[in-house]
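Presented below is the structure to which this report refers.
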Amino acid sequence: MNFSYTEEQQLLIDSFNRFLDAEIKPIAHQYRDKYIDKELAVELQKKLIPFGIVNGFVSEADGGMGLDLVSYGLMMHDLAKASPDICITTQIMGITSKLMAGAPENIKSKYLPEMMAGDILGCVGMSEPSGGSDVASLQVKAKKAGDVYLINGEKTWISSGGYSDFILLLARFVEGDDDQGLGLILVERDDGYETSNLNKTALNSQSTAQVFFSDTKVPAHRVMVPAPKAMAHMMKLLSSSRPIVALMSLGIAQAAFDEALAFAGERKQFGSAIAGKQLIQAKLAEMRTKLEAGKLMALKSLDMIDRGEDPQLQAAMSKWYGTELACEIVADAVQIHGGSGITKEYPVEYYSRAVKVFSFTEGTTEVQKLIIGRQLTGLSAF
Ligand SMILES: Cc1cc2nc3c(=O)[nH]c(=O)nc-3n(C[C@H](O)[C@H](O)[C@H](O)COP(=O)(O)OP(=O)(O)OC[C@H]3O[C@@H](n4cnc5c(N)ncnc54)[C@H](O)[C@@H]3O)c2cc1C
């Protein structure tokens, strides 16, 4: 067991952080709570490509960098620390690329090269207004009509939906009166879907959108995963990306911790810096310890995946625990700032809004605990 970075990982992280300081942090500052339009979103992703972070999941044979997931996760942590918003767009690029790399050859050869170059942006459509946790009950329909599918219904909460050139859509496949279960199909923007960005309390620099389909005609040869296999396919994918979500939230928590530590050193009360007060030191000690614990759990999950082990239990544990620890750390960072912590002048108020999102995405805290419980007992409590 080795807890140090390899020389290669250290070099990558160092050069990535120099890039973040020069190219990402100024944009993140300028666009805090302001929408980054598609042109800039694409430009930023193209700049990130040489580090392997956009297509890190994809093998070299398929035009990616074939990075190990530990390196990828470390970079996502640091990208989220620099900009949670830009990191979400990058994460979606990673997930869509990974799905595309496993697609049938006709689809993969058409879309993957453009994705690897950052020329087109995709998104993943699972959640619907009627619910996100209960994936098996999804209602958007893909009805077979000759050599096309007719898509009807609405998706919501779709990251990068407003930017997307295509959506990888999890839909209920229907042939005649036969409900065949969930399949995954690629729908191009030009096939005719509409998007509308959601107005959230956090992460408004990037697109989270509703996506509407009304008799949208999609050629049958764009089925990525046939029904009913798509649900299991997506759940496997989520197992590998959940520890990444934990690391992203902990990246935000690390940024908040750094702010709190600096603030505590400067802010004087009762004649001296609050950093010297025992109760503030206790908070800082707890925050730092939680950062370490959350990060180690997530990195262990990624290391397991890199070594070909089943990550489901570890990934669920690291996702719920890491994201909840991150919320606690950021809440303490706000507390250390006193009243200043809720003003726009200090970034911790922004971090406190952003960090909460990660305890919902890719399976809520409650869903992770139910996955763990099912693994431990063999009984489903969903
Ligand atoms: C910023 C953002 C980006 C997102 N990006 C995407 C995306 O790109 N693509 C996509 O498809 N989705 C995306 N999502 C959706 C996300 O995956 C869902 O929010 C999540 O799955 C939860 O679904 P829900 O919000 O409908 O909550 P619900 O499923 O309605 O759950 C509501 C509450 O009930 C709890 N709950 C549900 N079932 C149970 C149970 N059996 N026992 C106990 N408690 C339960 C949940 O934990 C939660 O606390 C995004 C969400 C956000 C906030």
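Tabulated values for the structure
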{"item": "Long-range neighbours under 9 Å by Cβ, at least six apart or interchain, first residue without any contact (Cβ under 8 Å) to a residue 40 or more places away in the chain and closer than 23 Å to residue 326 by Cα within segment 265-294, second of a type in the set (A, V, I, L, M) and part of a strand (DSSP E or B)", "result": "265/273"}
{"item": "Among (1) at pLDDT 95 or above; (2) within 16 Å of the ligand (Cβ to nearest atom); (3) crowded, with 22+ Cβ neighbours inside 10 Å, the one test that residue 77 misses", "result": "(2)"}
{"item": "In segment 146-163, residue farthest from the chain's Cα centre (by Cα) [restricted to those that are more than 15 Å from residue 130 (Cα to Cα) and near the ligand (Cβ under 10 Å from one of its atoms)]", "result": "161"}
{"item": "Count of residues meeting criterion [more than 15 Å from the ligand (Cβ to nearest atom) and more than 13 Å from residue 202 (Cα to Cα)] in segment 345-376", "result": "4"}
{"item": "Candidate set from segment 88-131 (those that are polar (S, T, N, Q) and within 16 Å of the ligand (Cβ to nearest atom)); member that is farthest from the chain's Cα centre (by Cα)", "result": "130"}
{"item": "Residues of segment 332-346 that turn out to be within 27 Å of the chain's Cα centre (by Cα) and buried (at least 18 other Cβ atoms within 10 Å of the Cβ), as a count", "result": "5"}
{"item": "Complete set of residues in segment 96-154 that are in a helix (DSSP H, G or I) and among the β-branched types (Val, Ile, Thr)", "result": "96, 107, 135"}
{"item": "Checking residue 189 against (1) more than 13 Å from the ligand (Cβ to nearest atom); (2) more than 30 Å from residue 353 (Cβ to Cβ), the condition it does not meet", "result": "(2)"}
{"item": "Residue 270 being assigned by TED's automatic domain parsing to the domain that holds residue 342 and either surrounded by 13 or more Cβ atoms within 10 Å (Cβ to Cβ) or among the acidic types (Asp, Glu) (or both)", "result": "no"}
{"item": "Filter pass, residue 126 being assigned by TED's automatic domain parsing to the domain that holds residue 221 and buried (at least 22 other Cβ atoms within 10 Å of the Cβ)", "result": "yes"}
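The values are calculated or read from the model by the stated rules, or taken from the named source; none is laboratory data. Computed from a predicted structure; not experimentally measured. Heads up, the Cβs are rebuilt from the backbone with ideal geometry, glycines too, and the neighbour counts pull from every protein chain shown.
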